[in-house]
1. Name the single residue that is farthest from HIS131 (Cα to Cα) among those in the range 1-33 being open to solvent by 60 Å² or more (accessible area, probe 1.4 Å) and at pLDDT 85 or above.
2. Out of the residues in the range 100-121 that are crowded, with 17+ Cβ neighbours inside 10 Å and touching a helix residue (DSSP H, G or I) at 6+ places or on another chain (Cβ under 9 Å), which is farthest from GLY54 (Cα to Cα)?
3. Output yes when any residue across the range 49-56 is farther than 22 Å from ASN23 by Cα and more than 15 Å from the chain's Cα centre (by Cα), and no when none is.
4. Assuming ASP98 fulfils every condition listed in (1) within 12 Å of the chain's Cα centre (by Cα); (2) within 20 Å of ASP38 (Cβ to Cβ) apart from one, which condition is it?
5. Considering the range 72-99 alone, what residues qualify as being among the hydrophobic types (A, V, I, L, M, F, W, C), touching a residue at least 12 places away in the same chain (Cβ under 8 Å) and either open to solvent by 80 Å² or more (accessible area, probe 1.4 Å) or farther than 20 Å from ILE129 by Cα (or both)?
6. Take ILE128 and tell me if it is in contact with a Phe, Trp or Tyr (Cβ under 8 Å, 6 or more places away or on another chain) and either aromatic (Phe, Trp, Tyr) or surrounded by 12 or more Cβ atoms within 10 Å (Cβ to Cβ) (or both).
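The values are calculated or read from the model by the stated rules, or taken from the named source; none is laboratory data. Just so we're clear, the structure is a prediction, and the values are computed from it rather than from any experiment. Here the Cβ positions follow ideal geometry from the backbone for every residue, glycine too, while neighbour counts run over all protein chains shown. For the accessible areas, the whole protein counts, side chains as well, though only heavy atoms, and no ligand, DNA or RNA atoms are used. Shrake-Rupley method; radii C 1.70, N 1.55, O 1.52, S 1.80 Å.
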Amino acid sequence: MIKVKSLEVREIEYTYENRPKINSMEDVVQTVKPLIADQNKEFFIALYLNTKNGIIKQEVISIGSLSANIVHPREIFKTACILSASKIIVAHNHPSGDPMPSREDIEITKKLAEAGKIIGIELLDHVIIGHDRNYGFKECGQL
């Protein structure tokens with residue numbers, strides 16, 4: 001496991017040859033947890049996927065405070081449209097270690113799912129990274 005002390009890289013673009021595929025919540029966790037698990041602020045990350053669930057780009061959308069982060073759908077879907085992504089997955093960490101979603105987490109997930117339906121880019125999942133466990137909206141039947 002990689003341990004990142006400072007998140008200087010705000011985005012990663014993948015080429016066709018090295019493009020990881022996302023087939024489960026565990027794949028999302030393995031992709032983003034090394035970057036944000038031990039951070040003392042909330043990091044909100046978007047994974048932009050092609051039609052075969054290969055990651056086109058991974059991007060830090062925003063860095064919040066210890067317990068909050070402000071995210072707007074336009075920030076996520078702007079890049080998705082530019083990349084011609086067919087799907088997105090979002091993820092963020094909870095520095096407290098408890099991955100249970102807040103009211104704000106539930107609200108932004110609903111907004112992203114609705115916006116995605118309108119423009120034809122599906123929100124596959126929203127994953128919250130905790131210390132010992134993680135929470136996936138899809139796995140928990142909330143998406």
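1. Filtering first and then ranking leaves LYS21.
2. Per the criteria, the residue is PRO101.
3. No - not one qualifying residue is present in the range 49-56.
4. The number of the failed condition is (1).
5. Listed by number, the residues that qualify are PHE77, ALA80, CYS81, LEU83, ALA85.
6. Yes, satisfied.
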